[in-house]
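Let me begin by presenting the structure, written as structure tokens, before commenting on it.
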Amino acid sequence: MFSILIPSWNNLPYLKLCIESIRRHSAFDHEIIVHVNEGSDGTLEWVRAEGIRHTWSRGNVGVCVAMNDAAQLATRDWVLFMNDDMYCLPGWDSAFGAAVEAIGEDVPMYLAAHLIEPLDTGNEQVTVANYGTGPEGFDEQGLLSFAAGVKASDRSGIAVQPMLTQRRLWHMVGGYSIEFGPGMSSDDDFLMKIWLAGCRTYRVVGACHIYHFGCATTRRVRRNKGGRTFILKWGISQQEFVRSYVRRTATAERSSLPTVPRAGMAGRLKRAVYALARYPLGDLENWEPDLPRQIVMNSSRSARVDLD
């Protein structure tokens, strides 16, 4: 049903648990595609041994390049971006499927899951329940029992991860933008791009439950200043875009929402100030000064085909 795209950077115990949960708790047959960043912990050998379709880079190319590379292999009509530190709970994909059917497959949409996380980060969209912060010490049976009793409503005007969208929409807007490498604020940039392409359905599906161990990769990378790149690119801050446009889709009539978002005075002033610095090129250079060295361009590599 879905092409599930999972970028992974030397996170093999998490990745194994994530893929096991997809295989055990899915009602439908899904295509799993992994982008292996570096893979020096045995990840590359493991995905090959498991026959999992994959792309590969010599080092960590970040989420934007990784997702775009993996998306080239997607063959299903729907693509799902999932982090490798997530665990799918029973009924997760059925809930997504029911939401797609109710909305209509031809309506541009961005659907997200209701997350359960072990630590309270102040995110009101998350249910806090600690069943482990990693594979070691993970209380799987406790989580399964807890999740079976969780009742959450759908919430429109909200866009979090993991996210599900049409493969055609993904490719239409060019996937994730590499100027946001290694990835901070690339999600909001993607929201803007699909907004311009006509998407007005941003929704958390309350019946879709996924456990998120939390930031197993992002805490290891040098973060880019994505908010500054966003405002330089679009002329509006990501906070204003999310607040004044994405969230308004929950209550406003579709016809009343503007085709092109417009920034307020504060956003315009910020953009003028940020234009004096080297964004995003300075961030990219500080994170990975030689990105081409990490990218594998050999079209005949085993990543391009299913393994026997």
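Using the structure shown, decide if Tyr279 is outside any helix (DSSP H, G or I) and closer than 21 Å to Val61 by Cβ.
On the way: outside any helix (DSSP H, G or I): yes; closer than 21 Å to Val61 by Cβ: yes.
Here the answer is yes, as Tyr279 does meet what is asked.
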Go through (1) surrounded by fewer than 18 Cβ atoms within 10 Å (Cβ to Cβ); (2) over 21 Å from Tyr245 (Cβ atoms); (3) of a type outside the set (Lys, Arg) one by one and return the number of the condition Ile178 breaks. (1)
From the list Gln141, Gln166, pick out the single residue that is polar (S, T, N, Q) and within 24 Å of Ala252 (Cβ to Cβ). Gln166
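Criterion first (surrounded by 13 or more Cβ atoms within 10 Å (Cβ to Cβ) and on the phi > 0 side of the Ramachandran plot) does Gly104 satisfy it?
Details: surrounded by 13 or more Cβ atoms within 10 Å (Cβ to Cβ): no; on the phi > 0 side of the Ramachandran plot: yes.
Against the criterion (surrounded by 13 or more Cβ atoms within 10 Å (Cβ to Cβ) and on the phi > 0 side of the Ramachandran plot), Gly104 does not qualify.
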Restricting region 20-46 to residues that are free of Cβ contacts under 8 Å to residues at least 24 places away in the same chain and farther than 18 Å from His209 by Cα, the residue that is nearest to the chain's Cα centre (by Cα): Leu44
What is the residue count in region 134-175 for residues that are within 22 Å of Phe213 (Cβ to Cβ) and within 12 Å of the chain's Cα centre (by Cα)? 6
When residues of region 40-54 are limited to those that are crowded, with 16+ Cβ neighbours inside 10 Å and not charged (D, E, K, R), the one nearest to Ile22 (Cα to Cα): Ile52
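Any chance region 22-36 includes a residue that's closer than 19 Å to Gln166 by Cβ and either surrounded by 22 or more Cβ atoms within 10 Å (Cβ to Cβ) or of a type in the set (Val, Ile, Thr) (or both)?
We begin by selecting, within region 22-36, every residue closer than 19 Å to Gln166 by Cβ; these are 28-33.
Cutting the leftovers down to either surrounded by 22 or more Cβ atoms within 10 Å (Cβ to Cβ) or of a type in the set (Val, Ile, Thr) (or both) gives us 32-33.
The answer is yes, given that some residue of region 22-36 is closer than 19 Å to Gln166 by Cβ and either surrounded by 22 or more Cβ atoms within 10 Å (Cβ to Cβ) or of a type in the set (Val, Ile, Thr) (or both).
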Does Tyr245 satisfy the condition of being of a type in the set (Ser, Thr, Tyr) and either over 21 Å from Arg200 (Cβ atoms) or more than 26 Å from the chain's Cα centre (by Cα) (or both)? no
Within region 49-69, the count of residues that are part of a strand (DSSP E or B) and either free of Cβ contacts under 8 Å to residues at least 12 places away in the same chain or within 21 Å of Arg168 (Cα to Cα) (or both) comes to 3
Among the residues of region 242-265, is any on the phi > 0 side of the Ramachandran plot, in contact with a strand residue (DSSP E or B) (Cβ under 7 Å, 6 or more places away or on another chain) and either part of a helix (DSSP H, G or I) or touching a residue at least 60 places away in the same chain (Cβ under 8 Å) (or both)? no
Mind counting the residues in region 282-308 that are more than 17 Å from Leu44 (Cβ to Cβ) and at pLDDT 85 or above? 12
Looking at this structure, is Ser237 hydroxyl-bearing (Ser, Thr, Tyr), over 13 Å from Trp195 (Cα atoms) and surrounded by 18 or more Cβ atoms within 10 Å (Cβ to Cβ)? yes
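The values are calculated or read from the model by the stated rules, or taken from the named source; none is laboratory data. Quantities reported herein were computed from a predicted structural model and do not represent experimental measurements. Backbone-built Cβ (ideal geometry, glycine too); neighbour counts: all protein chains shown.
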